[in-house]
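Colleague: One structure, pasted below without further comment.
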Amino acid sequence: MGITFKRRVQKTRLLNPADNFKETMLTVETRWDPLTKRTVRVLDLSIKKFPPWDLKDMLEKGGSGVCPFCPQALEKVTPQFPPDFIPEGRLRFGEVCIFPNRTPFDRHCGVVVFTRQHYVPMTDFSEELLVNAFSAACTFLRRVVEKDPGVRFYSINWNYLPMSGGSIIHPHLQILAGEFPTHYQGKVIQGSRRYQKRWGKIYWNDLIETERKLGERFIAVIGQTVWLASFAPLGIRDISCVIKGRTSLLEVTDRELRDFAQGLLKVFSYFQEFNHNSFNLGLFSGEHKKGDSFWVNARMVTRRLLPPVGASDVSYFEKLHGESVDYKKPEKTCEEIREFF
Ligand SMILES: [Zn+2]
C-alpha cells in the first residue's frame with residue numbers, strides 16, 4: 001500500500017512574556033498531502049475554541065430586503081439559461097431553484113438556491129434541505145453533460161456566509177462544469193491516476209483502510225460515506241468525506257446524498273459548538289467518463305474573522321505561498337468531532 005503520511009517538526013525558542021519571559025520551546029509541523037504532495041503547516045496552539053463572533057451586523061447588511069435570491073426578487077433579477085440549453089429558463093425542484101451565475105467562473109456555472117428562507121443558521125439545516133439541493137445540483141450536471149460533450153470536469157461548491165467569500169447570505173451552492181479542472185481538482189485527479197498506475201489500487205480505498213487502521217483521524221462511517229480529519233489540512237479544521245465506489249457525481253444516488261447530508265449535519269454541530277460560523281465546501285468528481293481511479297469526495301474548511309479586529313483567516317500563506325495553516329492538529333480535531341457523530 002502506497003499511502004505515506006510525511007511530516008517533519010521544526011522547533012523554535014522564545015522568551016515567553018506570559019510566563020515571566022522564561023525560555024519556551026514551540027513547534028511547527030510541515031505535512032505533505034499524501035496524494036498531491038502539497039505542503040501545509042500545522043501548529044499546536046493551546047486555543048481550545050475561538051471566541052464567539054457576533055453575526056448581527058453582517059446579517060442586517062445582507063438582509064432579505066437587498067437579497068436577489070429571496071422569492072420576491074429571484075424571478076426579476078436572476079438570469080435564465082438559454083432555451084436551447086435549459087428550455088425552462090430556471091430549473092425548479094420543490095423550493096430549490098437553479099439558474100446561471102452571472103459571474104462566469106466556468107463554461108457552465110449554476111447557482112443552486114436551497115430554499116425560499118433567506119437565512120438558515122448552520123444548525124437549522126435539515127437533512128431534506130441538504131439532500132434536495134445536492135440532488136438538484138447532480139441532476140443539473142446530468143443535463144449539462146447531455147447537452148455539452150465538451151464538458152470534462154465538474155464540482156459542487158459552497159461558500160456559507162460572507163466570511164467564506166460568499167457575497168449573498170441566502171444559502172446557495174455553486175456548480176462548476178467545463179473543459180478544464182481547477183488547479184486542486186486537476187492535481188487530485190492526476191494524483192489518483194498516478195497512484196493507480198504505481199500500486200494497482202484505488203487511492204481512496206487505500207486511504208480509508210489506512211486511516212481506519214491508524215484510527216487517529218478516522219471520524220466515522222455513515223452508509224456509503226467515510227468521514228476523516230484531513231492529514232494535511234487545507235485550512236482551519238479540514239474535514240474530508242469520501243463516497244465509496246462512486247467515480248462521478250453523475251452516479252451518486254439520493255440514498256448516498258442522504259448519508260452525506262447526515263454527516264454534514266454532524267459537522268455543522270461541531271463547527272457551531274466551536275464558534276466556526278462559516279465554511280467552504282467542495283464536492284469533487286473525477287474526469288467525465290475517465291474517472292476509474294477516482295472516488296467522489298468532499299473537503300470542507302471553516303472560515304471566520306479573527307478577533308479582535310475581524311482579520312481575515314487567509315493571509316500571505318494561502319495567497320502567495322500556496323500553503324495553508326491550521327492551528328490545531330487534525331488528530332485533535334478528530335477527537336473533538338467524533339463526539340458529534
Ligand atoms: Zn434572501
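Colleague: Rounded to the nearest whole Å², what accessible area per residue is found for the chain with the 1.4 Å probe?
Modeller: 47
Colleague: Using a ≥ b ≥ c from the Cα gyration tensor of the chain (square roots of the eigenvalues), is it rounded, prolate or oblate, where a/c under 1.5 gives rounded and otherwise the larger of a/b and b/c decides, a/b for prolate?
Modeller: Taking the square roots of the gyration eigenvalues as a ≥ b ≥ c, the chain is oblate.
Colleague: Need the C-alpha centroid separation for region 41-101 versus region 265-290, integer Å.
Modeller: 16
Colleague: Quantify, in whole percent, the carbon and sulfur part of the accessible surface of the chain (1.4 Å probe; protein heavy atoms only). Please report the intermediate quantities before stating the final value.
Modeller: Values: 8390 of 16060 Å².
Exposed carbon and sulfur together represent 52 percent of the surface.
Colleague: Next question. Which whole-number percent is the relative contact order of the chain (Cα, under 8 Å, 6+ apart)?
Modeller: 20 percent.
Colleague: Using only Cα atoms, what is the ratio of the radius of gyration of region 53-121 to 2.2 N^0.38 Å?
Modeller: Its radius of gyration relative to the 2.2 N^0.38 Å reference: 1.25.
Colleague: Please report the relative contact order for region 164-283, taking Cα pairs under 8 Å with a sequence separation of at least 6, and give it as a percent rounded to a whole number.
Modeller: Value for region 164-283: 17 percent.
Colleague: Let me ask something additional. Relative contact order for region 1-98 using alpha-carbon pairs under 8 Å, separation at least 6, rounded to a whole percent?
Modeller: 14
Colleague: Another one. So if we plug the beta-carbon distance of Arg7 and Lys147 into 1/(1 + (r/R0)^6) with R0 = 35 Å, what FRET efficiency do we get, rounded to 0.05? Can you show the working numbers first?
Modeller: On the way: r = 46 Å, r/R0 = 1.30.
Calculated transfer efficiency: 0.15.
Colleague: Can I ask one more? Rounded to two decimal places and with Rh computed the Kirkwood way over Cα pairs, what is Rg over Rh for region 133-238?
Modeller: That ratio is 1.00, to two decimals.
Colleague: Please go through the residue pairs Lys61/Lys329; Lys197/Lys328; Lys76/Lys187; Lys37/Lys290; Lys37/Lys61 and name each one whose alpha carbons sit more than 32 Å apart in this structure. Don't jump to the answer; show the numbers that get you there.
Modeller: On the way: Lys61/Lys329 35 Å; Lys197/Lys328 34 Å; Lys76/Lys187 40 Å; Lys37/Lys290 23 Å; Lys37/Lys61 41 Å.
Table pairs above 32 Å Cα-Cα are Lys61/Lys329; Lys197/Lys328; Lys76/Lys187; Lys37/Lys61.
Colleague: Something else about it: Placing unit charges on C-beta atoms (Lys and Arg positive, Asp and Glu negative, everything else neutral), compute the dipole magnitude of region 109-262 about its Cα centre in debye, rounded to 20. Each step should come with its number before you reach the end.
Modeller: Working: 19 positive and 15 negative charges, 125 e Å.
Approximately 600 debye in magnitude.
Colleague: A further question on this structure: Please flag any cysteine in the chain that has no other cysteine's Cβ under 4.7 angstrom from its own Cβ.
Modeller: Among the cysteines of the chain, those whose Cβ sits 4.7 Å or more from every other are Cys97, Cys109, Cys138, Cys241, Cys334.
Colleague: Of the options Gly186, Ile222, Phe271, report the single residue whose Cα projects farthest towards the positive end of the charge dipole of region 146-293 (beta-carbon charges: Lys, Arg +1; Asp, Glu -1).
Modeller: Result: Gly186.
Colleague: A follow-up question, please. Restricting to DSSP loop positions (anything but H, G, I, E, B) with no more than 14 other Cβ atoms inside 10 Å of their own Cβ, which trypsin sites (Lys or Arg not before Pro) remain in region 263-310? If you can, show how the numbers build up before the last one.
Modeller: Numbers: sites: Lys266, Lys289, Lys290, Arg299, Arg303, Arg304; in loops: Lys289, Lys290, Arg304.
Taking region 263-310 and a limit of 14 other Cβ atoms within 10 Å, the loop trypsin sites (Lys or Arg not before Pro) found are Lys289, Lys290.
Colleague: Which trypsin sites (Lys or Arg not before Pro) in region 54-120 sit in a loop by DSSP (not H, G, I, E or B) and have at most 11 other Cβ atoms within 10 Å of their own Cβ?
Modeller: Passing sites in region 54-120 are Arg102.
The values are calculated or read from the model by the stated rules, or taken from the named source; none is laboratory data. These numbers come from a predicted model, not from an experiment. Counting neighbours? That spans all protein chains shown, and the Cβs are built from the backbone with ideal geometry, glycine included. For the accessible areas, the whole protein counts, side chains as well, though only heavy atoms, and no ligand, DNA or RNA atoms are used. Shrake-Rupley method; radii C 1.70, N 1.55, O 1.52, S 1.80 Å.
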